[in-house]
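A.B. asks: Below is a structure I'd like to ask you about.
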Amino acid sequence: MSTTGNNSETKIIDGKKIAAEIRAEAGEEVIELKKENIEPCLAVVLVGNNAASKVYVGSKVRACEEVGIKSIKLDLAADISEDDLLSEIQKLNDDSGVHGILVQLPLPHHINEERVTEAIDPGKDVDGFHPVNVGKLSIGIDCLTPCTPSGIPEMIVRSGIEMSGKHAVVIGRSNIVGKPMMNILVQKGAKANCTVTCCHSGTDHLAEYTRQADILIAAIGVPEFVTAGMVKEGATVIDVGINRVEDPEHSRGYRLVGDVDFEDVKEIAGAITPVPGGVGPMTVAMLMKNTVKAAKMLQHS
Ligand code: GUN
């Protein structure tokens, strides 16, 4: 394996710029829908006071404003009963003016997330977490797909990198990223058609797999886990992690790092996403796309 790397040639994939392009495209589609008297509308449900969730929900509502999507924000108390939350979701399901429903996770411990996810109308499930959408994705039927993994092929292809025929290795098997990522990458089509390997906490000799990746996607939630020795020279490295690490020199007392040791890996990768400014902004942009898609699906149903 080379130890020299190719730092001068490494492409830093600009997630902010690509996300802005996608939001602009969604905005164009919204203008067309409004000509047909359809105003796409996203309902965002926040339960309790989780500080990170509040930040995420705020950025989703702001993106809606920018793109021209109407948003409804439901701020529900942390001690709301599961039944009351389910009846709020039912009201949104029944409201023909609402096209997308997103319940921000995690939920307080007394609420069963699975039951809540399954209560959302699959046609309005802009997170793509409902088992109907999970099943459709796995058998290649067009559907609403999870925002974070859906944004990753967009970043790769819009950076001029070919995906078809490449070996993609996903580290992580969560229902939000790892598993849907595998299902997206394996489908036929220009923005997929990969040979897919999934590694996880049970994988022996992990680096033997990651070093074979043309496209390496890290979604494990362990700060700076992926180092240069785990990466093939010239690989495309996508970092899904957002981890807080203590840093007394930073005004907030912490800094944000990904699952990839960026400074180390950029010496060997062909292309790499930074944290922040990589995958993060893409998630919200894909949510805008999904909301528009849900509005179009409802229009044609
Ligand atoms: N919490 C962390 N990521 C997500 C996401 O993609 N959707 C929702 N609803 N909650 C989250």
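A.B. asks: Only one residue in Ala207, Ala168, Ala190 is away from the ligand (no atom under 15 Å from the Cβ), among the aliphatic types (A, V, I, L, M) and assigned to a loop (DSSP other than H, G, I, E, B), so which one is that?
C.D. replies: It is Ala190.
A.B. asks: Which condition from (1) at pLDDT 95 or above; (2) at positive phi is the one that Lys16 breaks?
C.D. replies: (2)
A.B. asks: Then there is this: Which one of these is of a type outside the set (Phe, Trp, Tyr), within 16 Å of the ligand (Cβ to nearest atom) and either buried (at least 16 other Cβ atoms within 10 Å of the Cβ) or modelled with pLDDT under 95 (or both): Val67, Val30, Val103?
C.D. replies: Unique residue meeting the criteria: Val103.
A.B. asks: Select, from Val186, Val134, the only residue that is touching a residue at least 12 places away in the same chain (Cβ under 8 Å) and among the hydrophobic types (A, V, I, L, M, F, W, C).
C.D. replies: Val134
A.B. asks: A further question on this structure: Any chance you could count how many residues in the stretch 108-128 are buried (at least 17 other Cβ atoms within 10 Å of the Cβ) and either polar (S, T, N, Q) or not in a loop (DSSP other than H, G, I, E, B) (or both)?
C.D. replies: Total satisfying the criteria: 7.
A.B. asks: What are the residues in the stretch 266-292 that are more than 16 Å from the ligand (Cβ to nearest atom) and either under 18 Å from Glu28 (Cβ atoms) or of a type in the set (S, T, N, Q) (or both), if any?
C.D. replies: Thr273, Val292, listed by residue number.
A.B. asks: It is to be established whether one or more residues within the stretch 161-173 are under 22 Å from Ala294 (Cα atoms), in contact with a Gly (Cβ under 8 Å, 6 or more places away or on another chain), surrounded by 18 or more Cβ atoms within 10 Å (Cβ to Cβ) and of a type in the set (A, V, I, L, M).
C.D. replies: no
The values are calculated or read from the model by the stated rules, or taken from the named source; none is laboratory data. None of these values were measured; they are calculated from a predicted model. With ideal geometry, Cβ positions are generated from the backbone for all residues, glycine too; neighbour counts draw on all protein chains shown.
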